[in-house]
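What follows is a single structure, written as structure tokens, with notes after it.
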Amino acid sequence: MDPKRKALTAAVVGTALGVGGLAVVAMPATAGDAPVLPQISAEELVQSTLNAKPSSFDGKVKVSNDLGLPQIGSTLPGVSALSIDSAQVSTDGAGKSKVSLTEGSSQQTIVKNGETVWEYNSKDNSATKITIPPELAKEHKGAVEGQAVDPATAAAELLGKVRESSTIAVDGTSSVANRSAYELVLTPKPTERTLLREIRVAVDSQTRLPLRLTVLANGNASPAFEVSFSEINFANQPASNFEFTPPKGAKVTEKTAEVDPKSRELAEQAKNDVKVVGDGWDTAITGKIPADALAKAGSAKDEEGRQVDPKALLSRFAKPVSGAWGSGWLVTTKVGSGVLTDDGRYAVGAVPEQVLFEALAAK
């Protein structure tokens, strides 16, 4: 998948987990629009949502954000990925899926059918057919690029992460994509140190599938991030929906997925270096960027082919900071902050900068 799309899906997942910041701005239903539904307790709604069986559906997803990201334009590769307009998501509920991401006049499609994955980019009319060996498919079972734009996936991840550190309530009902839904609200407990005010999840009253996920930050009335179904149809999906034929004239590349031993080694090293400090809303993730990755960053080029100086780039949108943990650069958004130290360590979270400094200093 295009690095920009990976940046996008990672960003959306980061928001859902409450460790980085990002959400579609859908106005809350007015009192007159609220459907009448049976009473349900917050705990019952959470439990039934987490236990809901995967559904077969096809739906349109809208994504929007007001994150307060630094204005760094095309200098930083991948930033333009945040301008996604919409997505079409289909699944058979048993592992087959299709995701089409739209940005302006271009579209990228990812189709997963068994051990075959197709990736198509309309911008340059190119398609890649990837065959996943059985042993690799088993290792990464359930992982699908682009899946993070699905409100149901994002909300389920979120509920599992912050339910114990939240005050949870059912705040009436709403209508999302012409479906009746309960409004589940998660608010951080007073002991949680976070930049987030609340997270709202609109849960389908029948299927218990989350239809909309909204993230609100402290001091802001409008959502910082929202991902929502604008249309959804719960029905068995035809097998043809998960088949892909490259358009006429498309440049087609075929390859077999494999894990380069060096890449696996770097991934394992990075995984071992990652540490979770705290839990719930004030979780901070710390780690160290591998030396090889830092070297690549030093030789990176922007979208116009110009050499990128990492330190010069950081000085444009980050603030120099220091403490007992060392020195580095701080980036803040409405819903999260991150620190990159001069020696390649990092800390990120939906938390104030002081929490990150404490996480970096923790042994």
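The values are calculated or read from the model by the stated rules, or taken from the named source; none is laboratory data. All values derive from a computational prediction rather than experimental measurement. Using ideal geometry, Cβ is built from the backbone for each residue, glycine included, and neighbour counts are taken over all protein chains shown. Keep in mind that these areas ignore ligands, DNA and RNA; they rest on the heavy atoms of the full protein, side chains included. Shrake-Rupley method; radii C 1.70, N 1.55, O 1.52, S 1.80 Å.
Annotations for the structure displayed:
- Per-region count, region 74-92, residues at pLDDT 90 or above and out of contact with any helix residue (DSSP H, G or I) (no Cβ under 6 Å at 6 or more places or on another chain): 4
- Qualifying residue in region 155-167 (condition: within 24 Å of THR91 (Cβ to Cβ), hydroxyl-bearing (Ser, Thr, Tyr) and open to solvent by less than 40 Å² (accessible area, probe 1.4 Å)): no
- For region 184-197, residues that are surrounded by fewer than 21 Cβ atoms within 10 Å (Cβ to Cβ), of a type in the set (Val, Ile, Thr) and farther than 13 Å from GLU164 by Cα total 1.
Here is a yes/no grid of residues against (1) farther than 30 Å from ASN218 by Cα; (2) surrounded by 12 or more Cβ atoms within 10 Å (Cβ to Cβ); (3) in contact with a helix residue (DSSP H, G or I) (Cβ under 8 Å, 6 or more places away or on another chain); (4) at pLDDT below 80:
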position	(1), (2), (3), (4)
ASP260	yes, no, no, yes
SER263	yes, no, no, yes
ALA300	yes, yes, yes, yes
GLU304	yes, no, yes, yes
LYS319	no, yes, no, no
THR333	no, yes, no, no
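- Considering residues of region 217-235 that are within 21 Å of PRO151 (Cβ to Cβ) and part of a loop (DSSP other than H, G, I, E, B) only, the residue least open to solvent (accessible area, probe 1.4 Å): ALA224
- Of the residues examined, PHE244 is one that is at pLDDT 90 or above, within 30 Å of THR91 (Cα to Cα), aromatic (Phe, Trp, Tyr) and open to solvent by less than 80 Å² (accessible area, probe 1.4 Å).
Here's the yes/no breakdown for (1) modelled with pLDDT of 90 or more; (2) more than 24 Å from LYS255 (Cβ to Cβ); (3) open to solvent by less than 60 Å² (accessible area, probe 1.4 Å); (4) among the β-branched types (Val, Ile, Thr):
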site	(1), (2), (3), (4)
THR109	yes, no, yes, yes
PRO134	no, no, no, no
LYS138	no, no, no, no
VAL144	no, no, yes, yes
VAL149	no, yes, yes, yes
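- The condition of being of a type in the set (Gly, Ala, Ser), buried (at least 18 other Cβ atoms within 10 Å of the Cβ) and within 16 Å of LYS62 (Cα to Cα) holds for only one of ALA181, ALA177, that being ALA177.
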